[in-house]
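Chemist: Once you've had a glance at the structure underneath, I'll fire off some questions.
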């Protein structure tokens, strides 16, 4: 049984999204988004036209004429993290005798659910226990931005952030908590606006020491939820 052209186009689009990663020898340039990058914009535009036709729309209608190009540029931006290495933001560290928790709260992010290609938005809380070196606070936000701009699930995003920071900074512990609202369950399916998903990934002392873990939860959520 042959597939409808729109189905084939969508399958090709999704398959191509994870195989067109571009590399560069210049780490500084590699850390900056490149609009379009190695994304096949023309392929996306063709797929969007097929999707519009498949749902019963007229891709040649005035209001939709430029929609495929807009969507292609949007995907290049939303999935720019596929072509970036978040680790480059953690290479510059500073020697600092500080052995207490460093916590950056409420880092806003937007990502895209890989199951329905719908956005989920929320905030990240990242804490680590330095072991003789610290990283610029803004670099934690940059790491979140890169990892969020990929087809994602919140659970993996949480784990990836914790593992990356643990690997690159070698701290005594890392704690990552994400809170997000998923449009795949607010505008479709079960349709439950206001539902929030909270995930956590704990490494080192945040996992093994109940007191340290309780301090993190208290700082993030308040004493009543620690």
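Chemist: Taking only the stretch 65-96 into account, find how many residues are part of a helix (DSSP H, G or I), closer than 29 Å to residue 50 by Cα and under 22 Å from the mean Cα position of the chain (by Cα).
Modeler: Of the stretch 65-96, the ones part of a helix (DSSP H, G or I) are 67-78, 80-83, 86-90.
Filter once more, keeping what is closer than 29 Å to residue 50 by Cα: 67-78, 80-83.
Filter once more, so that each one left must be under 22 Å from the mean Cα position of the chain (by Cα): 70-78, 80-83.
Total satisfying the criteria: 13.
Chemist: Which condition from (1) assigned by TED's automatic domain parsing to the domain that holds residue 191; (2) not in a helix (DSSP H, G or I) is the one that residue 139 breaks?
Modeler: It fails just one condition, (2).
Chemist: To continue, here is another question. Select from the stretch 182-206 the residues that are touching a strand residue (DSSP E or B) at 6+ places or on another chain (Cβ under 6 Å) and closer than 21 Å to residue 106 by Cα and list them in ascending order. Talk me through it step by step, then tell me what you get.
Modeler: Let us first name the residues in the stretch 182-206 that are touching a strand residue (DSSP E or B) at 6+ places or on another chain (Cβ under 6 Å), namely 182-184, 196-206.
Result: 182, 183, 196, 197, 198, 199, 200, 201, 202, 203, 206.
Chemist: Sticking with this one: Residue 108 - would you say it is touching a helix residue (DSSP H, G or I) at 6+ places or on another chain (Cβ under 6 Å), surrounded by fewer than 16 Cβ atoms within 10 Å (Cβ to Cβ) and at pLDDT 95 or above?
Modeler: Numbers: touching a helix residue (DSSP H, G or I) at 6+ places or on another chain (Cβ under 6 Å): no; surrounded by fewer than 16 Cβ atoms within 10 Å (Cβ to Cβ): yes; at pLDDT 95 or above: yes.
Criteria not met by residue 108.
Chemist: Take the stretch 44-64 and flag every residue that is assigned to a helix (DSSP H, G or I) and over 24 Å from the mean Cα position of the chain (by Cα).
Modeler: Here is the first cut: in the stretch 44-64, the residues assigned to a helix (DSSP H, G or I) are 44-54, 62-64.
Scanning the stretch 44-64 gives 46, 49, 50, 51, 52, 53, 54, 62, 63, 64.
Chemist: Can you tell me which of 162, 180 is surrounded by 19 or more Cβ atoms within 10 Å (Cβ to Cβ) and assigned to a strand (DSSP E or B)?
Modeler: Values: 162 fails: assigned to a strand (DSSP E or B).
Criteria check complete, one pass: 180.
Chemist: Let me ask something additional. When you go through 190, 144 one by one, which is the residue that is surrounded by 16 or more Cβ atoms within 10 Å (Cβ to Cβ) and assigned by TED's automatic domain parsing to the domain that holds residue 119? Before you say what the answer is, go through the steps one by one.
Modeler: Numbers: 190 fails: surrounded by 16 or more Cβ atoms within 10 Å (Cβ to Cβ).
Every option except 144 fails the conditions.
The rows are residues; the columns are (1) closer than 28 Å to residue 97 by Cβ; (2) without any contact (Cβ under 8 Å) to a residue 24 or more places away in the chain.
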{"position": "156", "(1), (2)": "no, yes"}
{"position": "159", "(1), (2)": "no, no"}
{"position": "162", "(1), (2)": "yes, no"}
{"position": "168", "(1), (2)": "yes, no"}
{"position": "184", "(1), (2)": "no, no"}
{"position": "193", "(1), (2)": "no, yes"}
{"position": "206", "(1), (2)": "yes, no"}
{"position": "211", "(1), (2)": "yes, yes"}
{"position": "215", "(1), (2)": "yes, no"}
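Chemist: Shifting gears a bit: Would you please list the contacts, defined by Cβ atoms under 6 Å and residues six or more apart or on different chains, that run from a residue in the stretch 36-60 that is crowded, with 18+ Cβ neighbours inside 10 Å to a residue that is assigned to a loop (DSSP other than H, G, I, E, B) and at pLDDT 95 or above?
Modeler: The qualifying pairs are 49/59; 52/59.
Chemist: Quick check on my filter: what residues within the stretch 165-177 are buried (at least 21 other Cβ atoms within 10 Å of the Cβ) and part of a loop (DSSP other than H, G, I, E, B)?
Modeler: 171
Chemist: Go through the stretch 195-204 and report how many residues are in a strand (DSSP E or B), under 22 Å from residue 119 (Cα atoms) and touching a residue at least 24 places away in the same chain (Cβ under 8 Å). Even if it seems obvious, please write down each step before you answer.
Modeler: Of the stretch 195-204, the ones in a strand (DSSP E or B) are 197-204.
Imposing the further condition that a residue be under 22 Å from residue 119 (Cα atoms) reduces the set to 197-201.
Still in the list and also touching a residue at least 24 places away in the same chain (Cβ under 8 Å): 197, 199-201.
The total comes to 4.
Chemist: Just for the stretch 66-98: of the residues that are modelled with pLDDT under 95 and touching a strand residue (DSSP E or B) at 6+ places or on another chain (Cβ under 7 Å), which one is nearest to residue 38 (Cα to Cα)?
Modeler: Checked the stretch 66-98; the qualifying residue nearest to residue 38 (Cα to Cα) is 96.
The values are calculated or read from the model by the stated rules, or taken from the named source; none is laboratory data. Just so it is clear, the model here is predicted, and its values are computed rather than measured. Positions of Cβ are backbone-derived with ideal geometry, glycine not excepted, and every protein chain shown enters the neighbour counts.
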